[in-house]
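What follows is calculated from the coordinates using simple rules that are stated; it is not laboratory data. Quantities reported herein were computed from a predicted structural model and do not represent experimental measurements. Here the Cβ is made from the backbone with ideal geometry for all residues, glycine too, and neighbour counts use every protein chain on show.
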Amino acid sequence: MYRLLIVEDDPVIASAVAEYLAGWGYQVQAVQDFNRVLEEFAAFGPHLVLLDLKLPVLGGFHWCREIRRVSTVPVLFITSASDNITAVTAMGMGADDLIAKPFELSLLAAKIEALLRRAYGFAVAAPLLEHGGLIYNPADATVQYEGQRAELTKNENRILHTLMERRGKIVSRELLMTRLWETDSFVDENTLTVNVARLRKKLEQLGAMDLIQTKKGMGYLLP
């Protein structure tokens, strides 16, 4: 089932679009906090975004740029402006298509179907993972926090992926060592400690403080 994220501040339009698209078999979610669009995007992991041009606080162009920093999912602009300048600007920001208000819901569904078919065929996009404002992309081993972005080493990527998959639960050192080296038979525990310390420092340099907690004698935790 494809997941669609609606970024539309008009609750009437958002509700009507969500209800109609759910009837087509899509899993649909509408953004609730327009200050945290990117975080809700990462938490939901959509295959396509319906993005209104005029939004409170920050506009659609801004959020399109932010989404493009971390993902290549199709973005379909919903706009009340249908002039050529708007279309050119939208495409320049990384949008894949746009539809002007007022629009027929059947036309919207057709555009969505075409974009999904073009983007994925039978494939499914790898989801982003989000925790505490940190957006993690396992596909390209990158993290982003409040607009700051960093690349992870192979070991940092494996450690963070394991912690993110089990966020809210304590992850043992043994499991992390197994994920890193496939066997813990010949691994010095100090090596794991060094790798976790480097990952923690990299996250702190982005501003994500105290994200990884150490549970003495047990392992590590993303609370």
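Under 16 Å from a point placed 7 Å out from the Cα of D140 along the Cα-to-Cβ direction: which residues of the stretch 41-83 have their backbone N that close?
It comes to 42, 64-75, nothing else.
Please arrange I159, I170 by how many other C-beta atoms lie within 10 Å of their C-beta, fewest to most.
I170, I159
State the antiparallel share, in %, of DSSP beta bridges confined to the chain, rounding to the nearest 5.
If we restrict to bridges inside the chain, about 50 percent are antiparallel.
Based on other C-beta atoms within 10 Å, arrange K169, K54 from fewest to most.
Ascending number of Cβ neighbours within 10 Å: K169, K54.
Given R₀ = 25 Å, FRET efficiency for V194-K154 by Cβ-Cβ distance, to 0.05?
0.95
Would you mind computing the Rg to Rh ratio of the chain from its alpha-carbon coordinates, Kirkwood style for Rh?
My calculation of the ratio gives 1.05.
To the nearest 500 deg cm²/dmol, what mean residue ellipticity at 222 nm is calculated for the chain from DSSP H runs of n ≥ 4 alone, each contributing -39,500 (n - 2.57), summed and divided by the residues?
Result for the chain: -13000 deg cm²/dmol, rounded to the nearest 500.
In nm, to one decimal, how far is the K201 label point from the A22 one, both placed 7 Å along Cα→Cβ?
Rounded to a tenth, the inter-label distance reads 4.9 nm.
Leaving out same-chain residues fewer than 8 places away, which lysines sit with a Cα under 27 Å from that of K154?
K169, K201, K202, K215, K216
Write down the Å³ per residue value for the convex hull defined by the alpha carbon atoms of the stretch 129-221.
87
Between the stretch 1-45 and the stretch 150-174, how far is it from one alpha carbon centroid to the other, in angstrom?
Cα centroid of the stretch 1-45 versus Cα centroid of the stretch 150-174: 29 Å apart.
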